[in-house]
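The values are calculated or read from the model by the stated rules, or taken from the named source; none is laboratory data. Since the model is a prediction, treat every value here as computed from it, not as a measurement. Don't worry about glycine lacking a Cβ; one is built from the backbone with ideal geometry, like all the others, and counts go over all protein chains shown.
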Amino acid sequence: MKKLTLNKAVFPVAGLGTRFLPATKASPKEMLPVVDKPLIQYAVEEAYSAGIRHMIFVTGRSKRAIEDHFDTSYELESELEKAEKFALLKLVRSVQPDDMNCAFVRQPRSLGLGHAVLCAEHLVGNEPFAVLLADDLMVGLSGGPSVLAQMAAQFEQTGQSIISVQEVPAEQTRRYGIVAVDAASASNPGLMKIQKIVEKPAPEVAPSRMGVAGRYILTPAIFEHIRKQASGVGGEIQLTDGISSLLDAESVYAFQYQGKRYDCGSKEGFLEATVELAMQHPEVGEYFRSYLKGLKLD
Ligand code: UTP
């Protein structure tokens with residue numbers, strides 16, 4: 001029997017990032033740093049921790065910095081070597097471990113997340129793959145597996161597509177894909193078969209409060225289902241609509257992960273991530289906590 005492991009991850013990074021203008025006018029949103037690491041690096045490290053070694057980036061205009069970030073920086077490395085700054089040299093080299101490879105494909109226009117995923121089809125081929133939206137920064141429980149590693153472990157058991165979900169406030173259903181699910185089994189309470197998925201419904205018509213977060217494991221059948229989609233909500237080709245169509249052909253599961261999601265596509269979420277990760281940071285955490293304690297907040 002074919003072993004159900006994941007080898008490839010797709011990072012759609014071709015969005016316009018309008019909520020972060022003017023910062024994103026000429027630089028990618030995914031290169032915004034949370035403390036000292038760009039969002040995209042958190043996502044790539046998460047995929048690596050799930051055993052994935054082939055990283056596929058779907059990029060657009062103004063995204064060159066992402067390619068540079070995951071490339072060798074000869075000038076910087078030789079300067080650090082000359083200056084005997086070996087700890088920094090190790091840090092710089094750790095961004096792209098030797099056993100990891102990166103491929104880049106362009107999405108010519110921001111036609112939606114579904115369209116971005118479709119742009120990676122020829123690099124993914126006929127195998128299951130993960131999709132990670134780097135602007136959702138996911139942090140697993142302390143000392144526990146990353147969110148994608150948790151999902152990969154589920155995938156090894158089921159071999160079916162899995163989407164990460166979390167409960168969202170009723171008034172926020174318009175921001176998410178929302179799923180209706182069957183009851184989970186007692187032996188695996190986090191995993192639920194999806195009956196229905198709807199993109200950004202109004203609270204009155206939302207089938208539940210279970211919102212899709214930016215981590216997916218998909219079977220390659222998804223490509224033909226995305227291809228069938230006309231533009232959906234916002235005039236974009238939605239991944240949610242592709243998944244909705246996939247449900248007619250295959251089982252798809254929702255997975256309630258252990259950990260926390262920061263919506264770094266929004267200013268509020270980005271600030272929350274910055275504060276909370278800074279408080280835990282090995283180098284500046286202690287200083288930052290005492291700084292926060294000294295702030296007068298009213
Ligand atoms: P968002 O909905 O956050 O859109 O996309 P955005 O354009 O990046 O940001 P705003 O809303 O204008 O501020 C979710 C993810 O899908 C990618 C984005 O890069 C982001 O990671 N995406 C979206 C694409 O790669 N291509 C698209 O056409 C749309």
(message) Pairs please, first residue from the range 155-167 and surrounded by 17 or more Cβ atoms within 10 Å (Cβ to Cβ), second anywhere and part of a strand (DSSP E or B) and among the acidic types (Asp, Glu), Cβ atoms under 9 Å, 6+ apart in sequence or on different chains.
(response) SER164/ASP136
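Please determine whether any residue of the range 19-28 is buried (at least 21 other Cβ atoms within 10 Å of the Cβ) and either at pLDDT below 95 or not hydrophobic (A, V, I, L, M, F, W, C) (or both). If you could, list the steps in order and put the result at the bottom.
Looking only at the range 19-28, we keep the residues that are buried (at least 21 other Cβ atoms within 10 Å of the Cβ), and these are 28.
Narrowing the set further to residues that are either at pLDDT below 95 or not hydrophobic (A, V, I, L, M, F, W, C) (or both) leaves 28.
Yes, there is a match, as at least one residue in the range 19-28 is buried (at least 21 other Cβ atoms within 10 Å of the Cβ) and either at pLDDT below 95 or not hydrophobic (A, V, I, L, M, F, W, C) (or both).
For the range 208-298, which fully contained strands (runs of 3 or more DSSP E) count at least 2 residues that are small (Gly, Ala, Ser) and either under 18 Å from MET192 (Cβ atoms) or more than 16 Å from the ligand (Cβ to nearest atom) (or both)?
210-218
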(request) Mind listing just one residue for me: the one in the range 103-149 that is over 16 Å from the mean Cα position of the chain (by Cα) and on the phi > 0 side of the Ramachandran plot and, of those, modelled with the highest pLDDT? (result) GLY125
(request) Would you mention how many residues in the range 16-37 are in contact with a helix residue (DSSP H, G or I) (Cβ under 7 Å, 6 or more places away or on another chain) and assigned to a loop (DSSP other than H, G, I, E, B)? (result) 5
(request) List the number of the failed condition for ILE40; all other conditions in (1) more than 16 Å from the ligand (Cβ to nearest atom); (2) among the aliphatic types (A, V, I, L, M); (3) surrounded by 14 or more Cβ atoms within 10 Å (Cβ to Cβ) hold. (result) (1)
(message) Condition first: more than 16 Å from the ligand (Cβ to nearest atom) and over 21 Å from LEU6 (Cβ atoms). Now tell me which residues in the range 52-74 satisfy that.
(response) ASP68, ASP71, THR72, SER73, TYR74
(request) Please identify the pairs in which a residue from the range 98-113 that is farther than 24 Å from GLU236 by Cβ has its Cβ atom under 7 Å from the Cβ atom of a residue that is of a type in the set (D, E, K, R) and away from the ligand (no atom under 16 Å from the Cβ), counting only partners at least 6 apart or on another chain. (result) ASP99/ARG53; MET100/ARG53; ASN101/ARG53
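Condition test on SER27, is it closer than 30 Å to ALA230 by Cβ and either of a type in the set (Lys, Arg) or within 15 Å of the ligand (Cβ to nearest atom) (or both)? Walk me through it before giving the result.
Details: closer than 30 Å to ALA230 by Cβ: no; either of a type in the set (Lys, Arg) or within 15 Å of the ligand (Cβ to nearest atom) (or both): yes.
Judged against the criteria, SER27 is not a match.
Just wondering, is there one or more residues in the range 1-11 that are β-branched (Val, Ile, Thr) and part of a strand (DSSP E or B)?
Yes; the residues of the range 1-11 include at least one that is β-branched (Val, Ile, Thr) and part of a strand (DSSP E or B).
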